[in-house]
Amino acid sequence: MGSFRVGILAVVLAASACSSTEAGTPIARPGNDGSTTTQTPSTTTSTKPARPRTIDLKQFDPCKIIEKVAPELGLPAEKLTAEPAQGFAPGSVRCAQIRNRGIGSDFGVLHAMSRSVQEHATSYLVTTPITLEGFPALVMEGTYANDCYVGVDVADDQTLVISWTIYLENGKPAMNDVCAGTKKAAAAAMKLVVAA
């Protein structure tokens with residue numbers, strides 16, 4: 001009878017040592033030599049972003065996006081020409097309205113093909129998740145202290161990237177101001193793309 005109780009006690013102790021009510025909490029497990037090892041339970045999560053639908057960027061000329069959105073941002077509606085985006089997969093195109101580093105703002109649109117927004121964001125130290133028109137996006141602070149980007153996950157391996165740069169006569173703008181401009185430009189661009 002004593003060995004039966006010891007057996008039941010061992011099963012109860014083993015069951016309590018192998019369970020946790022909190023996902024992701026390390027679980028202590030006794031080793032064969034009397035030591036204790038810690039193992040984090042695995043969790044399964046979906047890597048697919050939650051987006052209301054997919055948008056194929058091949059349907060959109062990035063320059064047309066800039067031409068239509070620029071007046072909302074206080075920029076002129078200029079005729080621009082898209083060009084292949086260097087350093088990106090084939091099919092990636094970009095367009096930019098550039099002030100030639102004069103005082104003011106630059107506005108750019110990039111269709112990054114074969115790259116998710118998470119992959120695009122790996123070269124930025126500061127990223128902040130946001131949602132635009134129901135699509136997951138990341139605000140990415142630039143490395144030049146006057147540039148900021150928003151990458152929007154519009155389809156598997158397709159990212160719409162909006163860039164905004166502010167040039168001042170003296171000094172650098174506050175990053176909050178630069179990223180506020182980027183978010184405003186990205187919101188206007190996404191509103192246009194979603195409505196098409």
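In this structure, does D153 turn out to be at pLDDT 90 or above, among the charged types (D, E, K, R), within 11 Å of the chain's Cα centre (by Cα) and not in a loop (DSSP other than H, G, I, E, B)?
Yes; evaluated as a whole, the condition is true for this residue.
At least 1 residues that are out of contact with any Leu (no Cβ under 6 Å at 6 or more places or on another chain), in the same structural domain as Y167 (by TED's automatic domain parsing) and in contact (Cβ under 8 Å) with a residue 60 or more places away in the chain in each: list the strands (runs of 3 or more DSSP E) lying fully within the stretch 68-140 that qualify.
Answer list for the stretch 68-140: 93-97, 104-113.
Out of (1) over 27 Å from R53 (Cβ atoms); (2) among the polar types (S, T, N, Q); (3) modelled with pLDDT of 95 or more, the odd one out for Q97 is which?
Exception for Q97: condition (3).
Count, please, the residues in the stretch 160-196 that happen to be of a type in the set (V, I, T) and more than 15 Å from T127 (Cα to Cα).
Qualifying residue count, the stretch 160-196: 4.
Counting only residues that are crowded, with 24+ Cβ neighbours inside 10 Å and of a type outside the set (A, V, I, L, M), which one in the stretch 156-171 is nearest to the chain's Cα centre (by Cα)?
T159
When you check I130 against the structure, is it among the aliphatic types (A, V, I, L, M), surrounded by fewer than 17 Cβ atoms within 10 Å (Cβ to Cβ) and touching a Lys or Arg at 6+ places or on another chain (Cβ under 8 Å), yes or no?
Here the answer is yes, as I130 does meet what is asked.
Looking at (1) on the phi < 0 side of the Ramachandran plot; (2) outside any strand (DSSP E or B), which is the one condition that is false for A145?
(1)
Kindly evaluate A89 against the criterion of being loosely packed, with under 15 Cβ neighbours inside 10 Å and hydrophobic (A, V, I, L, M, F, W, C).
Here the answer is yes, as A89 does meet what is asked.
Sort out which residues of the stretch 156-196 are hydroxyl-bearing (S, T, Y) and in a strand (DSSP E or B), and write them in order of number.
Once the filter is applied, which keeps residues that are hydroxyl-bearing (S, T, Y) and in a strand (DSSP E or B), the stretch 156-196 yields T159, S163, T165, Y167.
The values are calculated or read from the model by the stated rules, or taken from the named source; none is laboratory data. Quick caveat, the model's predicted, so the values are computed rather than measured. Neighbour counts are summed over all protein chains in view; Cβ atoms, including those assigned to glycine, are modelled from backbone coordinates with ideal geometry.
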